[in-house]
Each structure stands twice: as C-alpha cells, then as structure tokens.
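This report refers to the structure that appears directly beneath it.
The values are calculated or read from the model by the stated rules, or taken from the named source; none is laboratory data. Bear in mind the structure is a predicted one, so any value in this text is a computation, not a measurement. Neighbour counts run over all protein chains shown; Cβ positions are idealised from the backbone, glycine included. These area figures cover heavy atoms from the full protein model, side chains too; ligands, DNA and RNA do not enter into them. Shrake-Rupley method; radii C 1.70, N 1.55, O 1.52, S 1.80 Å.
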Amino acid sequence: GTGADNDLYINQAIVFIEDAIQYRSINHRVDSKSLGLYRWYYSRTCQWILGLTITVILALAFIEKPSSLTITSDVRYRLPAWNPPCGLTESIELLCFLVFAIDVSVKSYLIGWEEFWKNKWLMAYILTLIVSLTDWIVSLSFFCAEDLRIRRILRPFFLLQNSSMMKKTLKSINSTLPEMASVVLLLAVHLSLFTMFAMLLFARTKDGQQDKEWVAYFRNLPDALTSLLVLLTTANNPDVMIPAYSKNRAYSIFFILFTVLGNLFLMHLLTAIIYNQFRGYLLKSVQSSLFRRRLGIRAAFEVLSSLKETPANSQQSYVSAGALLQVLQKAEMDSRCRQAIIRSLKICSCDQLSAAQFQKLFEELDKDAIKQHPPTPEYQSHFMQKMQFVFGHPYFGYLGNVVALANIVSICVVLVMDADKQPSERDDFFLGAINCFFILYYVLEMLLKIIAMGLKRYLSYPSNRFDGLLTVILLVLEIATFAVYGFPHPGWRPEFMGLLSLWDMVRLVNMFIVFRFLRIIPNMKFMALVVTTLLDLVKNLRAFAGILVVVFYAFAITGIMLFKGAVVPVGNTRLNFFLIIFLSQTSFYIKKEIVLYFKEKCDFMALFGHFQAEIIYCLLYLLSVNLICRWAKIYFVAWWLISSVIWVNLFIALLLENFIHKWDRRCHREPVSDIEYQRTVELMFRDVLEEPTEEELMEKLHQHPHLQLCR
C-alpha cells in the first residue's frame, strides 16, 4: 500500500543519510527487514560490543603462556608468572570467534552475494576466521602444549578490518610503496658501498694490536654490514669509530661521510618522498569519502522524491520539507548538524526542495564543528561588576602564570639545596610551607575566575578544566598531608604514617604543581599551535595509531614464537662460563658495552619470554654476542624498516600536513576568543577536494545492486 511504501522510502532515506554522515558505502540491501538489521548492526551498542571483543582478543596475549602478569621483568627478582589453565583463554577466544562469525555473516548478508565476491576484505575476514578456528582446535587437541599458534599472529587483522579509515590508510601506504622502495634501494646501495670501503680500510694487519676496529666491527661481511646498518640508526655512534679514531684521526672522515650521506640526505629524502606521495594518495582516499557522502545524500533525495505526497514533475524531482524534517528527527546524527540543517530549512522557507537545495542543506556536515562558549553572568551589584572586570581580565590569568612560574622556581631552588643531603638531614618545612602558600593562591584564583566567568563558561574552556582539576587534586593532597603529618614547622620530619611517607606526599604534590605549569600553553600563540596540532593528530588520526598497534603486535607475537628460549636467564652457569670465555677473546670496547648492558639492563633476557619487554636492548645484545642465528637479523632489520623508517616518516608527513594546514588557517583568519574550531582528517583537505557532478552521482546510483530508481 501507499503508506507502507512511504514508510519504506522514509527508512531508506534515514539509512542513506546515516551512511553519508559516517562515509559508509550505500551498496547494501534496502528492503524493510534488511534496513532494520542494518541500523541495529551499526548502532552504538553493537559497535561497542564488537570493539570490546576486538580489545579482549588482542589483550589475551598478556595472560597467555608465556604470561606477562608479573610486577617486575627483572629475571633476578621476578616470581614465577601465573599461567592460565588450558581451556580458560581458549574459551574466551571461542566466544570472540562467535562474535566475529556473527559480524561477518551480517555484513555478508547486508551487502548481498554479488557484492560479497567483490569485497576482498570480507573474504580475507572469513579465511582468517577459518584458519583461527582450525588452529584453535589443534591447540585443544594438544592440550595447549603446542609452541606455534598461528591464530595469535592473525589477531590484529580483526582490528584492521573493522576500521574503514585504517583500510584506506593501508591502501594509501601500499600505493606509496614503489616510491619508498626506490629510496630504500638507494639506501641499500649506499650501505653496500660503504661496507666494502670499510672492509678495505679496516682490513686485518700483521700487528694484532692495531686491529681493534676489524675485530670489533668489520671482521667479515655480515658483521660489517650490521655495524654500518646500526650506525645508520646512530645507535652505536660514536662507539663504532672509536678504535679507528684512536689509531688515526683521519678515519673519522669515513664515518662522517657515511652519516652525512645516509642520515642527512637519504633518510630525509625518504621523508620528502613519503610526504609528497602519501599526501596525494590520502587526498584521493578523502576524495572518495566525499563522493560517498554526496552519493548517500543524493540517494536519500531520490527515494524521498518517490513519496506519494510529492507532486510529480516530468522535468525535475522535488522533496517536501515535511518529509525531510521527518527523516532528520529519526536519523542518528550530531545535534549541532541537525539543528543547523533545520535552521537553514526554515530560512529557506521552501515547501519543495530541489536536488541542489537538498544537497546544499547537508553541507553543514562538511563545516568545522564550532563550539561557542556560554555568556558571562550579569551581576546587578556594582562591586560584583568590578570584581568581574578585574578577575575576568586576561591580565589576571597572566598573573597566575607568573605565580606558577615562581612556584616552579622555588621548588627547583629547594631541590638543588637538598640534592646532596641525606634523608635524615633534609628539612621538609620550607618545601611544605611554599606548597601550602601557592596552593592556597591556586584555590583562590580558581574561585575568583568562577565568580567572574560563571561556572558553565569556566568549564567550557579546556585550559580551565585542566587547571581546576589539578587545583582540586593539589588541595585534597595538601589536606591529606596536614591530616596525617600535621602543619609544617621547622624540623618537620615525622615518622612514616599512612600509605605514603611525608617526603612521598611532598614529592607527589610537587609533581602535580610542575604538571599544572602547562597551563601557560594557551597563552603562548606558537606553542598553542603546536600543541593543538598534536592533539588533533591524537583525536583524528586514530587509524594510523591502529595500524601502528597492528605492526607492534604482529612483530611482538612473531618474536615470541621465533626466539622463545633462545636466551637463557643470567643465573645459568653454562651461560656465565660462555660469557667469560667470550669476553676474554673480545676487545675492550665490546667488553665495556656488554658489561654496561648487563649492569644497567639486566632484564633484557625477558624480551622473547614476555610480551611487554623492550626490543632494543635484546637487539643490541643479540647482535653483539651472536647468541642466536645470524638469520635472526632479518627479523630486526624488517622491524626497523617498517616501524622506524617507513612508519615514523609517515607520521612526520601527516604531522607536517596538519601543522601547515593550521598555520595557513591562522594566517588567513583571526581567531575569535569565544569560538573553538575542531577539524577532522576529511576537513584538512576540504579546500582542495572536487565536488562530484550530478551525472557521476546518478550513474553510480543506477549501478546500485539493490535500489531501483524511478528515473
């Protein structure tokens, strides 16, 4: 019937608008039941459950054998880790697999069989699930005693496939790889040539006492290549050239040339290429996102124009304002955008909307999110108005910054004076009295600002929320200190009471005071620009952080499987005997390096036995003493290339893009004190994006596998 058809068109328009808001594809089923299932699947509850499931399955690596549930990673003091019984983590895994199976089934059904075969991510999703379930069955059949668990390496895929932005980022990285490969090849040529030069320069001589450089770093081709590769990262600089430099100062020219050409030219050339190429591919990705948004809005217009209440017109289609209002009230969207569109619709005062007018209304989705601060309270009392003027003036904030600086300086002076004193000789009176005075000022400043600005306006500024929270914490800590240890007085050194000693309480207060000094950032124009750039990266570039988690997770799990048991704890007598023999045959510089690593980083042995341990210390040790196969260097070189060379340069490229974008906007527009602009990745490129034409949109809509348009 007509009513049922109208309800279907309204529901289709609601879903298409929601797809446009989230940059989702509209190529899915559009019948009544499928639309209900689609909205349920993309509801906050379902997406929250899916995100929680991904978090749980990734977090299993911390408690699975070998477990990381120990307070310390030092093998000398670490208690035996708790290893879960067989079947516990496997049961949690099975529940996660069931959620993923439901997820992939719903996705496959919603897009249809024809679209499923075009979607490589969904097919990879199913294949990953099948392999993981097979490995899970094998694990149970061995009573969880097997060493190789393939499904652990595959877990990051569940995080990767769940984010459309991460997929686009990965696609952009993949497209940038050919250009990266050319520079990496140039780096390899640079490394190879200097390796040959090094082997010729530092060849073995008849005088064994003069061969320290050859013995330590250039004994053979793999060692020479490894030494220069590590020098490219500056990890062994200047140690690698000290033996040669001690023999002849002229040898330093070789190492200087290698470092200048490799680090200053080639590595920065790689950064420039990645910035240029990746920005182009990311721009294409954002352009496709804009096309999806425009396509979703146009699809909503087309289905709404099919409503029976809409007057037919052979030349042009129209949508009634009432139907649009009905869609806006039911669609899941930001209240700011909804109110802005409704406001624009009332200003337009049109009963019937054309396609161009309809599309123009939804341009509110592309605008900066503007946060306007509440107005200041209006006081009737002349005295309160004077107070409001004085304590609401920027100069009062500058005075607070000066006081905070004086607090920091006073803490530094006291710490320098007490640096060499024994705990029993230290008098905490001065530091306690200073803290008491300044904290009272901070509380008074906060209260006066709240009176001048009003509570709502005060809390609307992030800098005030930061300042106020730390002030309240400092006040609570100071009250707790006085309650436990009494008021400061000369010779204030009471016995330990409560959870923390007096010195610990004073240190904690001082750390919060130092942290509070960051309040000066909003008052410094260029520093604020840098900080807001970093905050925008944290908020808007979650896809890059997600891929970084995927890379770290995959390498950590691979390292556990490859090198578990390769390094024996320090207490092993056979290892100690081996080290004594080894150290007796090596040069002074190698001995010194190994002894220092044993002394300062005695927990390096835990790397491949535990998920949380650090890679770099074990890397340096393993490459120095050759405890494992030389082929293991491939693993570490791959790690360095992906995490440091490629990914760090990608992050620098995006940091530059975000910073340049903010700098240009600051130069072309004066900031308004009561308005805050919040940008997203898509809006960073908004000025250079091209709007799709009507012909392109209609052609794409006619190719929709499940939507039949009337025209």
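Overview of results
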{"item": "Residue check, V240 more than 20 Å from V648 (Cβ to Cβ) and either over 31 Å from the mean Cα position of the chain (by Cα) or touching a residue at least 60 places away in the same chain (Cβ under 8 Å) (or both)", "result": "yes"}
{"item": "Residue in the range 75-91 that is surrounded by 13 or more Cβ atoms within 10 Å (Cβ to Cβ) and within 30 Å of A331 (Cβ to Cβ) present", "result": "no"}
{"item": "Residue pairs meeting the criteria (Cβ under 6 Å; at least 6 apart or on separate chains; first farther than 17 Å from I10 by Cβ and open to solvent by 10 Å² or more (accessible area, probe 1.4 Å), in the range 285-304; second assigned to a helix (DSSP H, G or I) and of a type in the set (S, T, N, Q))", "result": "S285/S172"}
{"item": "Tally of residues being closer than 12 Å to E90 by Cβ and open to solvent by 60 Å² or more (accessible area, probe 1.4 Å) across the range 141-166", "result": "3"}
{"item": "Residue match in the range 103-117 (condition: among the charged types (D, E, K, R) and modelled with pLDDT under 90)", "result": "yes"}
{"item": "Segments classed as helices (runs of 4 or more DSSP H), wholly inside the range 379-465, with at least 1 members that are over 37 Å from the mean Cα position of the chain (by Cα)", "result": "382-391, 394-417, 429-453"}
{"item": "Filter result for the condition that a residue is closer than 22 Å to L264 by Cβ, assigned to a helix (DSSP H, G or I) and touching a residue at least 40 places away in the same chain (Cβ under 8 Å), over L187, L228, L160", "result": "L187"}
{"item": "Complete set of residues in the range 66-113 that are touching a Ser or Thr at 6+ places or on another chain (Cβ under 9 Å) and assigned to a loop (DSSP other than H, G, I, E, B)", "result": "R78, L79, P80, A81, W82, N83, P84, C86"}
{"item": "Test for L225: is it open to solvent by 50 Å² or more (accessible area, probe 1.4 Å) and under 15 Å from L257 (Cβ atoms)", "result": "no"}
{"item": "Matching helices (runs of 4 or more DSSP H) fully within the range 1-60 where at least 3 residues are charged (D, E, K, R)", "result": "2-21"}
{"item": "Positions within the range 473-487 being in a loop (DSSP other than H, G, I, E, B) and either of a type in the set (S, T, N, Q) or open to solvent by less than 30 Å² (accessible area, probe 1.4 Å) (or both), in sequence order", "result": "G486"}
{"item": "Test result for F97, out of contact with any helix residue (DSSP H, G or I) (no Cβ under 9 Å at 6 or more places or on another chain) and either more than 30 Å from L365 (Cα to Cα) or open to solvent by less than 40 Å² (accessible area, probe 1.4 Å) (or both)", "result": "no"}
{"item": "Flag if S68 is over 24 Å from the mean Cα position of the chain (by Cα) and hydroxyl-bearing (S, T, Y)", "result": "no"}
{"item": "Test result for A235, within 18 Å of I642 (Cα to Cα) and open to solvent by less than 60 Å² (accessible area, probe 1.4 Å)", "result": "yes"}
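For every residue, the table says whether it meets (1) in the same structural domain as V637 (by the TED database); (2) part of a loop (DSSP other than H, G, I, E, B); (3) modelled with pLDDT under 80.
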| position | (1), (2), (3) |
| --- | --- |
| A235 | no, yes, no |
| S246 | no, no, no |
| S252 | no, no, no |
| T259 | no, no, no |
| N263 | no, no, no |
| G280 | no, no, yes |
| E302 | no, no, no |
| L328 | no, no, no |
